[in-house]
Amino acid sequence: MSLNPSASNAPHRRTVPLTLAVVLIVVVAGVAAAGAAAYYTLKPPAASSGGAHTVTVVDDLGRTVTAPIDPTRIVVLAPSVMDIVYRLGLRTDVVGYGCTASEAGGILNEYSVNQTVRWDLNNSGCIADFPSLDTEAVANLSAQLVLASTLTSAQDVSTLTETYGIPVVVLAPSTLEGIIGDVRIVEQIFPEAASAANALTSTLAQTLQNASAFVQNVTGYSSGSGVPLPTVLLSYYFDSGGYYSYSQGTFGDSLITFMGGRNIAADIPVPYGEVNATYVLSAQPNFLLYATSWHDPYLTSGENNATAWSAAPYWNQLNGTKVGIDVTLLSEPDPTMILALPYLESILYPA
């Protein structure tokens, strides 16, 4: 298996949408995040920092951050984080959220249409975060806290914290279990959301437990007579050189495991990278799960992103089952990803 040297061979009519490009732009930061896998289960809950109105937490990059308790002006810089914020009843505390510049798609290049409706998002609340974050705009909102993912660069985090004095907590889990840890981090900052957080983490933990039990039962692993797991390529985008996917130590790899599959991209040398098309052709995965519902202003007239996959390399020569899945379920490590596990498992094990 090899990693293609660059994306320069990508079709000129298409650029990688930002929602999907998260995993491409943050390879270096992603390596650090991968090293913090499931850290929440290894560290005790954060204690109060000693100030009456602050709390100290450890984020997914191992950074110790002192944040105000129950802040009322927060900026959210990733859809996966917004999912947690919304589910904990904190949407009214959000004063801004990261979006691409309007000429590159605006809010729809980072959030799906369904998300903008559900979370009441529009371009008026956008803060440009690509190719770099407008840190001054964050400061002008009098933000008390920024909740980010590794989409936000280390330099921008430094500017926010050191220049403007705004604490930044990075939520970037490398396993599905880590998503539960992220909910708990947010709960520590927002004690007012404790009841919602307890209910949510209980549901998520039970869903993960059920998913594991289902796979053990259907494959026979629980009785020791295991059957081979189906091979899976989970791809959020493609270009002429291959398919972008997830290696070991990433939430994408963890997702495939919980679904009951074996990741054919597990050995690519970076957390989020391109699997060479010829390798995919030779591997002939039993299932190719590909992302749909992303916004791409460069699609040709009359084309949608589901039919666009027909241009993927060797597409017609890949004999496994191909299933289009909303990109938010494949590229955003959040509670929704866990809650979708029964649906995803039913794809691999329809009986």
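Between Arg262 and residues 5 or more places away or on another chain, which pairs have amide H atoms under 5 Å apart, with H built 1.01 Å from N, and which residues are they?
HN-HN under 5 Å from Arg262: Thr231, Val232.
What Kirkwood Rh does region 144-204 have if only Cα atoms enter the pairwise 1/r average? Answer in Å.
Every distinct Cα pair counted, the radius reaches 12.7 Å.
Lys and Arg at +1, Asp and Glu at -1: add these up for the other residues within a Cβ distance under 14 Å of Phe190 and post the number.
With Lys, Arg at +1 and Asp, Glu at -1, the neighbours total -1.
Taking the Cβ of Trp119 as the centre, find all other residues whose Cβ is under 14 Å away and add up their charges (Lys, Arg: +1; Asp, Glu: -1).
Taking every other residue near Trp119 into account, the sum is -3.
With the crude spin-label approximation of a point 7 Å out along Cα→Cβ, what separation in nm comes out for Thr292 versus Tyr343?
About 1.2 nm separates the two model spin labels.
Could you go through region 79-85 in sequence order and give the Karplus-derived ³J(HN,Hα) for each residue, using 6.51 cos²θ - 1.76 cosθ + 1.60 with θ = phi - 60°, rounded to whole Hz, and x for Gly and Pro?
x, 5, 6, 4, 4, 5, 4
What does the extension gain come out to for Ile69 and Ala311, with contour length at 0.36 nm per residue minus their alpha carbon separation?
Here the segment from Ile69 to Ala311 would lengthen by 82.1 nm.
Amide H to amide H under 5 Å from Ala78: which residues, 5+ apart in sequence or cross-chain, H placed 1.01 Å off N in plane?
Gly98
Using the count of nearby Cβ atoms within 10 Å as a rough guide to exposure, how do Glu110, Glu274, Glu162 rank from fewest to most?
The fewest-first ordering by Cβ neighbours comes to Glu162, Glu274, Glu110.
In debye, nearest 20: dipole of region 220-348 around its Cα centre with unit charges on the Cβ of K, R (+) and D, E (-)?
360 debye
With the radius of gyration and the Kirkwood radius both derived from the Cα set of region 220-348, what is their ratio Rg to Rh?
Ratio value, two decimals: 0.97.
What is the antiparallel percent of DSSP beta bridges lying wholly in region 220-348, to the nearest 5?
Counting DSSP beta bridges with both partners in region 220-348, the antiparallel share is about 40 percent.
Fully extended, how many nm does the chain gain between Ser132 and Thr92 (0.36 nm per residue separation, minus their Cα-Cα distance)?
11.8 nm
Given a Förster distance of 41 angstrom, what is the FRET efficiency for Thr56 paired with Arg262, based on the Cβ-Cβ distance and rounded to 0.05?
E between Thr56 and Arg262, to the nearest 0.05, is 0.55.
Around Ile268, under 11 Å between beta carbons, what's the net of Lys plus Arg minus Asp minus Glu among the other residues?
-3
Would you calculate the separation in nanometres between label points at Ala205 and Asn123, each defined as 7 Å from the Cα along the Cα-to-beta-carbon direction?
4.4 nm
Report, to two decimal places, the Cα Rg of region 165-298 normalised by 2.2 N^0.38 Å (N = number of residues).
Cα Rg divided by the expected 2.2 N^0.38 Å: 1.27.
Laboratory data are not the source of any read-out in this text; all were calculated from the coordinates shown. What you see is a predicted model, and the numbers here were worked out from it, not measured in a lab. Reconstructed Cβ throughout: ideal geometry from the backbone, glycine too, with neighbour counts over all protein chains shown.
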